[in-house]
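The values are calculated or read from the model by the stated rules, or taken from the named source; none is laboratory data. Computed from a predicted model, the values in this text were never measured in an experiment. Cβ: placed from backbone, ideal geometry, glycine included. Neighbour counts: every protein chain shown. Heads up: the accessible areas ignore ligands, DNA and RNA and are worked out on the full protein's heavy atoms, side chains in. Shrake-Rupley method; radii C 1.70, N 1.55, O 1.52, S 1.80 Å.
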Amino acid sequence: MRNYFLIFSFIFACFSAQAQFELPKLAYATDAFSDIIDQETMEIHYGKHHQGYTKNLNEAIKEEKAVNLEIEQILNKISRFSTKMRNNAGGYYNHQLFWDILTPHQTKPSQSLITAIKNEFGSLNEMIEEMNTKTASQFGSGWGWLIVTKSGSLKIVTTANQDNPLMDVVPTEDQGIPIIGIDVWEHAYYLKYQNKRGAYLENIWNIINWDSVNERYKIALQTKG
Ligand code: MN
């Protein structure tokens with residue numbers, strides 16, 4: 001009987017060790033946003049960049065024996081891992097969030113999210129304006145975020161490279177649960193917009209998936225702190 005248990009444990013361990021992250025499927029075609037993000041950019045961004053982060057994340061997980069952790073658990077303790085893990089766990093998570101908060105369909109913020117936005121920023125337009133201004137001035141590659149802080153309020157922050165507000169290496173005041181993330185690496189917009197990062201930021205609000213953001217806001221309020 002004990003032998004069967006050992007054999008079962010061994011097989012289970014083998015399968016667990018194989019557990020890897022996969023490139024998530026897109027919920028729309030790569031030409032779904034062609035007025036705002038061109039198809040070639042979408043295909044390179046998703047099929048090459050995100051694919052690359054996914055592959056390198058899986059490598060880092062093997063090298064650093066970080067198996068059986070959720071991506072959030074890795075990000076929360078990212079200071080304990082290598083730069084390779086930091087860049088690729090960030091890249092994997094950030095792009096997964098980015099694709100998920102875009103849609104070709106018309107959606108709108110929920111009543112509870114709108115109320116929180118009005119309390120914090122005055123109006124949705126003022127929130128967008130602040131986020132665009134801060135994100136546009138992120139020096140070099142990085143991301144702009146709308147986060148839910150530990151106290152449950154909304155805040156706009158930016159991070160460099162593939163860092164994000166879940167990571168323990170970003171300044172404490174910039175940490176929180178992201179509900180919107182906008183990629184301002186040049187690979188996200190340069191083919192269509194060249195140096196006009198501001199125009200890309202203005203346009204992207206037309207394809208925000210508020211259904212997804214609303215859901216993320218609800219979950220963030222339950223899990224914050
Ligand atoms: Mn990107």
For K48, the lysines lying under 16 Å Cα to Cα, once residues fewer than eight places off in the same chain are dropped, come out as K25
Straight-line reach check, K77, cutoff 20 Å on alpha carbons, 8 or more apart in-chain or any other chain, hits among aspartates and glutamates -> E59, E63, E64, D163, D168, E173, D174
Computed for the range 100-167: size of charge dipole around the Cα centre, +1 on C-beta of each Lys and Arg, -1 on C-beta of each Asp and Glu, debye to nearest 20, value 140 debye
Checking the range 35-72 for trypsin sites (Lys or Arg not before Pro) in a loop per DSSP with at most 14 other beta-carbon atoms within 10 Å yields K65
Length-normalised contact order of the chain, Cα under 8 Å, at least 6 apart, in percent, tallies to 22 percent
Restricting to Cα pairs under 8 Å and 6 or more apart, the percent relative contact order of the range 111-223 works out to 23 percent
So, with points 7 Å from each Cα along the Cβ direction, the Q194-K118 label distance in nm works out to 4.2 nm
Counting as exposed only GluC sites (Glu not before Pro) in DSSP loop states with no more than 12 other Cβ atoms inside 10 Å, the longest exposed-site-free span of the chain is 71-225
Given unit charges at Cβ for Lys, Arg (+) and Asp, Glu (-), the dipole magnitude of the range 111-223 about its Cα centre in debye, nearest 20, is 120 debye
With the 1.4 Å probe rolled over protein heavy atoms, the range 67-160 has an accessible area per residue in Å² of 48 Å²
Expressed in nanometres to one decimal, the distance between label points 7 Å along Cα→Cβ at E43 and K25 is 2.1 nm
Between H187 and D35, the two model label points (7 Å from Cα along the beta-carbon direction) sit apart by a distance in nm of 2.8 nm
Given 27-38, 83-94, the highest-first ranking by average Cβ count within 10 Å works out to 83-94, 27-38
If every Lys and Arg gets +1 and every Asp and Glu gets -1 at its Cβ, then about the Cα centre the chain yields a dipole, in debye to the nearest 20, of 680 debye
For K134, the lysines lying under 20 Å Cα to Cα, once residues fewer than eight places off in the same chain are dropped, come out as K118, K155, K196
In cubic angstrom per residue, the convex hull of the range 59-112 built on its Cα atoms measures 110 Å³
Sorted largest first, the C-alpha extents of the chain along its principal axes in whole angstrom are 66, 40, 32
Expressed as a percent, the accessible surface of the chain that is carbon or sulfur, using a 1.4 Å probe and the full set of protein chains, is 52 percent
